[in-house]
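Structure first, then comments.
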Amino acid sequence: MSWQQYVDSNLVGTGQVTKAAILGHNGSLWASSPGFNVQPNEAAELVEGFKDSEKIRATGIHLEGAKYLTLRADERSIYAKKGADGLAIVKTTQAIIVAYYKEGIQPGSCVKVVEGLADYLISVGY
């Protein structure tokens with residue numbers, strides 16, 4: 001399966017993720033939803049956030065030009081919110097899954113989808 005198929009089917013296709021992207025650990029874009037524009041500096045901020053979670057807890061996360069309040073940040077997962085919209089970002093062995101959900105989607109449902117895909121990718125070496 002291609003990385004784009006994971007975004008389209010396993011993330012957005014579930015109805016629990018509005019837009020998504022998969023990045024490499026170096027911040028390179030592997031696949032994304034149409035119109036989901038993760039800028040290089042934002043990708044670098046996410047990569048750094050997994051290395052230094054204290055910083056993104058203090059400053060928040062920036063994605064598509066918007067600032068999100070960091071709710072949780074550890075070596076595997078980063079969750080953030082802006083109003084009723086939010087982000088679930090999970091690091092696997094080789095990738096970083098970035099999922100955005102809009103108002104109307106339960107945060108826990110989005111997290112379950114993203115964490116489930118991350119578990120699968122880790123189990124197959126990605």
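For the range 50-57, check the following and say yes or no: at least one residue is at pLDDT below 95, among the aliphatic types (A, V, I, L, M) and either closer than 21 Å to HIS25 by Cβ or in contact with a helix residue (DSSP H, G or I) (Cβ under 6 Å, 6 or more places away or on another chain) (or both).
yes
Under 6 Å between Cβ atoms, which residue pairs at least 6 apart in sequence (or on different chains) link something in the range 91-114 that is farther than 17 Å from SER32 by Cα with a partner that is hydrophobic (A, V, I, L, M, F, W, C)?
Sorted first by the residue in the range 91-114, then by its partner, the pairs are THR93/ILE122; GLU103/ALA84; VAL111/ALA88.
Looking only at residues in the range 94-126 that are open to solvent by 50 Å² or more (accessible area, probe 1.4 Å) and part of a loop (DSSP other than H, G, I, E, B), which one is nearest to ALA44 (Cα to Cα)?
Looking at residues that are open to solvent by 50 Å² or more (accessible area, probe 1.4 Å) and part of a loop (DSSP other than H, G, I, E, B), I get GLN94.
The values are calculated or read from the model by the stated rules, or taken from the named source; none is laboratory data. Fair warning: this is a prediction, and the values are worked out from it, not measured in the lab. Note: ideal-geometry Cβ built from the backbone for every residue, glycine included; neighbour counts use all protein chains shown. Ligands, DNA and RNA are excluded from the accessible area calculation, which covers all protein heavy atoms including side chains. Shrake-Rupley method; radii C 1.70, N 1.55, O 1.52, S 1.80 Å.
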